[in-house]
Amino acid sequence: MTVSVSGATPKMSVEAAEHGVDAPDLRWFVFALFFIFGGITSLNDVIIPKLKDLFTLGYGRALLVQSAFFFAYAVFSLPGAAIVRRFGYMRSASIGLLMMMAGCLLFVPASSSAKFELFLGALFVLAAGITVVQVVANPLISLLGPPATAPSRLTFAQAFNSLGTTIFPYVGSILILGSLAKVDGSKLTGAALDAYRAAETRAVVHTYLGLAAALLVVAGVVWTRRNRLHVARDRTGSVLHALTLLARPRFALGTLCIFLYVGAEVSIGSLIVGYLEQPDVMALTPEAAGKHVPFYWGGALVGRFVGSAILRTARPGAVLALFAAAAAALILISANATGTLAGWTLLAIGLANSIMFPTIFSLASEGLGTRSAEGSGVLATAIVGGAIVPPLTGMLADAVGLQAALALPAACYVAIALYGLLVAAHRLPTGLGGRATA
């Protein structure tokens, strides 16, 4: 891989390529991106109970919020990789941030119309921008340092993602869930119902307008640094050429595990408020339950700082297997318990989630070299698991109850643990035939 940084030599030597790019300021820039898109993604956990209440939805339909959001990854990940190949990392980040801003602004007409489907459309556009930003951020943080410590570095970067997912839901619970009206929307019809929904979604609109303003500022700052980093990228082939990477078993199974992990993580996060409201769990109000969501994401925050240190010395595959097995065990305990034990064991799954995404990503994409952007695009496409597993879990919850529905995310974690064991046992070589060179 050929890399140059402003103020450095135009092309890196083989030795420099093997040690990555030493640009601490860009590393902090990527940390900020992780914070932003992580925080905005976690707001879905607060919006779901709000829209469920306003539109009198069941869990299966309410979790279409996650389907609309994460389906964008299936649509835009490969085009996002093509954008990175065409415009480079920094310009692509600006493009993604502006797309996110556009999605935030679409909450205005969605609220005015009081239509659930338009909220789904706004979330889709917002997620399309996040997809582009994530396609930039994941390979970039791997590039900005020695390849040998890429899993540790990506885990540390994901800690900033968790910081965003810890802060945003708490603030969102106050701004959005705290305004849940005492009026029973199911008793209203026609114009009165539309007016009620439009009024009650203003808190959502104000929150996202604030985010739109912040995103515009960040996009402007990133654009001023568009020439800061230059990376030689594989520009050959079509967008679909990236799918040839799936011929490598380690990459293909890693892609599947990203699908399962995001699906499981999002399913649990989406159900926390409803789960903690149950009389036989913690019997909390919606706002109080929403304020517990940060404990789930905060566990991931703590775990990622700790996991970053562990991954510097331990085998990543073995660590992944251990954490995934712990998540499945916590689900088993929560589903068969009541009261605070059921609630807190569910929230503790966030701690087990902590190292999974960055570790799976690093293991799957190890040694891709100049095809890193393509690999990131394919792996980001697998985040569509967040669009498929949550509504399936929601439909199970409507049919058999929340506790029993947790069996689906538990099965996802078991599959991830098996992947980690296979990698740790060297049963899934990268199949690249050597390291990419400058």
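Would you check which residues across the range 367-386 are farther than 19 Å from Val136 by Cβ and at pLDDT below 90 and list them?
Gly367
Within the range 332-351, which residues are hydrophobic (A, V, I, L, M, F, W, C) and either open to solvent by 10 Å² or more (accessible area, probe 1.4 Å) or touching a strand residue (DSSP E or B) at 6+ places or on another chain (Cβ under 8 Å) (or both)? Walk me through it before giving the result.
So in the range 332-351, the residues hydrophobic (A, V, I, L, M, F, W, C) come out as 332-333, 335, 337, 341-342, 344, 346-349, 351.
Residues satisfying the conditions are Leu332, Ile333, Ala335, Ala337, Leu341, Trp344, Ala348, Leu351.
Can you name the number of the only condition in (1) out of contact with any Gly (no Cβ under 6 Å at 6 or more places or on another chain); (2) surrounded by 21 or more Cβ atoms within 10 Å (Cβ to Cβ) that Ile355 fails?
The number of the failed condition is (1).
Results for (1) among the aromatic types (Phe, Trp, Tyr); (2) touching a Leu at 6+ places or on another chain (Cβ under 7 Å), shown as yes or no for each residue.
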position	(1), (2)
Phe116	yes, yes
Gly129	no, yes
Val133	no, yes
Ser142	no, yes
Arg153	no, no
Gln158	no, no
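Give me the residue from the range 193-235 that is of a type in the set (Lys, Arg) and assigned to a helix (DSSP H, G or I) and, out of that set, modelled with the lowest pLDDT.
Result: Arg197.
Results for (1) surrounded by 24 or more Cβ atoms within 10 Å (Cβ to Cβ); (2) over 24 Å from Gly88 (Cα atoms), shown as yes or no for each residue.
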residue	(1), (2)
Leu105	no, yes
Ser112	no, yes
Glu117	no, yes
Val125	no, no
Thr131	yes, no
Asn138	yes, no
Gly145	no, no
Arg153	yes, no
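Condition check: assigned to a helix (DSSP H, G or I), touching a Ser or Thr at 6+ places or on another chain (Cβ under 8 Å) and modelled with pLDDT under 90. Does Leu408 satisfy that?
Judged against the criteria, Leu408 is not a match.
Tell me, please, whether a residue that is assigned to a helix (DSSP H, G or I) and in contact with a Ser or Thr (Cβ under 6 Å, 6 or more places away or on another chain) can be found in the range 253-269.
Taking every residue of the range 253-269 in turn, at least one turns out to be assigned to a helix (DSSP H, G or I) and in contact with a Ser or Thr (Cβ under 6 Å, 6 or more places away or on another chain).
Out of all the residues in the range 68-119, which are within 19 Å of Ala195 (Cα to Cα) and either in a helix (DSSP H, G or I) or not hydrophobic (A, V, I, L, M, F, W, C) (or both)?
Those that are within 19 Å of Ala195 (Cα to Cα) and either in a helix (DSSP H, G or I) or not hydrophobic (A, V, I, L, M, F, W, C) (or both): Phe107, Val108, Pro109, Ala110, Ser111, Ser112, Ser113, Lys115, Phe116, Glu117, Leu118, Phe119.
On the given criteria, is Gly190 more than 29 Å from Leu363 (Cα to Cα), modelled with pLDDT under 70 and open to solvent by 20 Å² or more (accessible area, probe 1.4 Å)?
For Gly190, the condition - more than 29 Å from Leu363 (Cα to Cα), modelled with pLDDT under 70 and open to solvent by 20 Å² or more (accessible area, probe 1.4 Å) - is met.
Restricting attention to the range 317-343, which residues are over 22 Å from the mean Cα position of the chain (by Cα) and part of a helix (DSSP H, G or I)? Let's see the steps before the verdict.
Of the residues in the range 317-343, the ones over 22 Å from the mean Cα position of the chain (by Cα) are 318, 329, 332-343.
Matches in the range 317-343: Ala318, Ala329, Leu332, Ile333, Ser334, Ala335, Gly339, Thr340, Leu341, Ala342, Gly343.
Consider Ala364 carefully, then state whether it is assigned to a helix (DSSP H, G or I) and open to solvent by less than 20 Å² (accessible area, probe 1.4 Å).
yes
The values are calculated or read from the model by the stated rules, or taken from the named source; none is laboratory data. Computed from a prediction, not measured in an experiment: that's the story for all the values here. In this analysis, Cβ positions are derived from the backbone assuming ideal geometry, glycine residues included, and neighbour counts consider all displayed protein chains. Areas reflect the complete protein model, heavy atoms only, side chains present, ligands, DNA and RNA absent. Shrake-Rupley method; radii C 1.70, N 1.55, O 1.52, S 1.80 Å.
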